[in-house]
Amino acid sequence: MKKLLSIAALLLVSAAIFAQAGKRPVIGISSTWGEGTSTSAPLTYVESVIRAGGVPLVLPITLDPAIMAQMLDRVDGLIMTGGEDIDPLKWFGEEPVPGMGEIVPARDSFDIALIRMAVGRGMPLLGICRGHQLLNVAFGGTLYQDIPSQVKGSSVKHSQKAPRYYGTHTINIEKGSLLNKQIGLEKVAVNSYHHQAVKDVAPGFKVTARSVDGIVEAMEKIGSTKVFSVQFHPEGFTASNIDTFLGIFQHLVKEAGKK
Ligand code: MN
């Protein structure tokens, strides 16, 4: 009887291991509030995660840290998505300039708390556009609230009027950086839909790509292969089956599968 039980236990354990081996890493995707009545994230992020071999899971905004912690228990990595401006007064102590855009205070609070919690746990994290700026602010960096009115001599159009799968301005990428390894390029044309930008880089992070006017287009956490961000929108290409930036998502999914 005892022997039968141990055989049964062994079978159960093997089944569990096989199930685990076939499991794809789960990537949490941050979302926004449709005027407080819905949770939404663009499908381009969802499709990019799937194309990179991960399982997408959209995370709704909550202000309860215990709920955030349990969300993180269930994902292996995070994408902090693009979206609204970040409240300068609350998060980096600056009065708003006239060019500042729409802000969603609850989203700021959720996103920043989630980023700090996830990075504190050593979880892989990719910040995109707003997510790139949030990562910087969450660890003590600051932003330009509005490039056209605040960055003297910016000669590049960062708010493109072109399809999301189409690159309109160049970035120069640091050789040996995560982004360089992910896409295998030192120079590439990216899409661009932002008027805020990283100003002072947070301690512990380094710039890995810039546009020709000096705007920070990518960052990574120093000494980490897990935490990185881009100002452009790689999901706009990846979801349209253009593979130039697929490596960014594949790297995230690979890191998420490591634990
Ligand atoms: Mn740009």
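The values are calculated or read from the model by the stated rules, or taken from the named source; none is laboratory data. Please read these numbers as outputs of a predicted model, since none were measured by experiment. Don't worry about glycine lacking a Cβ; one is built from the backbone with ideal geometry, like all the others, and counts go over all protein chains shown. These accessible areas exclude ligands, DNA and RNA; they are computed on the full protein's heavy atoms, side chains included. Shrake-Rupley method; radii C 1.70, N 1.55, O 1.52, S 1.80 Å.
Quick rundown of the values:
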{"item": "Segment 121-192: radius of gyration and largest Cα-Cα distance (Dmax), Å", "result": "14.2, 40"}
{"item": "Test item: Cα-centred dipole of segment 175-255, Lys/Arg +1 and Asp/Glu -1 on Cβ, debye", "result": "260 debye"}
{"item": "Relative contact order (%) - the chain, alpha-carbon pairs under 8 angstrom, separation at least six", "result": "20 percent"}
{"item": "At 1.002 mPa s and 20 °C, Stokes D of the chain from Kirkwood alpha-carbon radius, µm² per second", "result": "113 µm²/s"}
{"item": "Full-stretch length increase - Lys181, Lys161 - with 0.36 nm per residue and alpha-carbon distance subtracted", "result": "4.3 nm"}
{"item": "Computed Rg/Rh of segment 199-239, alpha carbon atoms with Kirkwood Rh", "result": "1.01"}
{"item": "Separation in nanometres of the label points that stand 7 Å from Cα toward Cβ, at Glu84 and Arg121", "result": "2.5 nm"}
{"item": "Ranking by accessible area, most exposed first, for Ser31, Ser240 with a 1.4 Å probe", "result": "Ser240, Ser31"}
{"item": "Cross-link partners of Lys254 among lysines (Cα-Cα below 25 Å; sequence separation of 8 or more within a chain)", "result": "Lys23, Lys175, Lys181, Lys187, Lys206, Lys221, Lys226"}
{"item": "Protection-proxy order for peptides 72-84, 34-46, 122-134, 53-65, each taking the mean of Cβ atoms within 10 Å per residue, highest first", "result": "122-134, 72-84, 53-65, 34-46"}
{"item": "Computed lengthening from Ala66 to Asn172, 0.36 nm per intervening residue step minus Cα-Cα distance", "result": "34.1 nm"}
{"item": "Rg over Rh [alpha-carbon atoms, Kirkwood Rh] for segment 169-259", "result": "0.94"}
{"item": "Interatomic Cα distance distribution for segment 65-195, bins of 10 angstrom, percent", "result": "11, 35, 36, 17, 1"}
{"item": "Cβ charges +1 (Lys, Arg) and -1 (Asp, Glu), total dipole of segment 101-259, debye", "result": "340 debye"}
{"item": "Antiparallel DSSP beta bridges within the chain, as percent of all bridges there, nearest 5", "result": "55 percent"}
{"item": "Segment Arg74-Ser38, length gained on full extension (0.36 nm per residue, minus Cα span)", "result": "10.8 nm"}
{"item": "On Cα atoms only, tilt of 105-120 relative to the major axis of the chain in degrees", "result": "60 degrees"}
{"item": "Dipole in debye (nearest 20) - segment 154-222, about Cα centre, beta carbon charges: Lys, Arg +1; Asp, Glu -1", "result": "140 debye"}
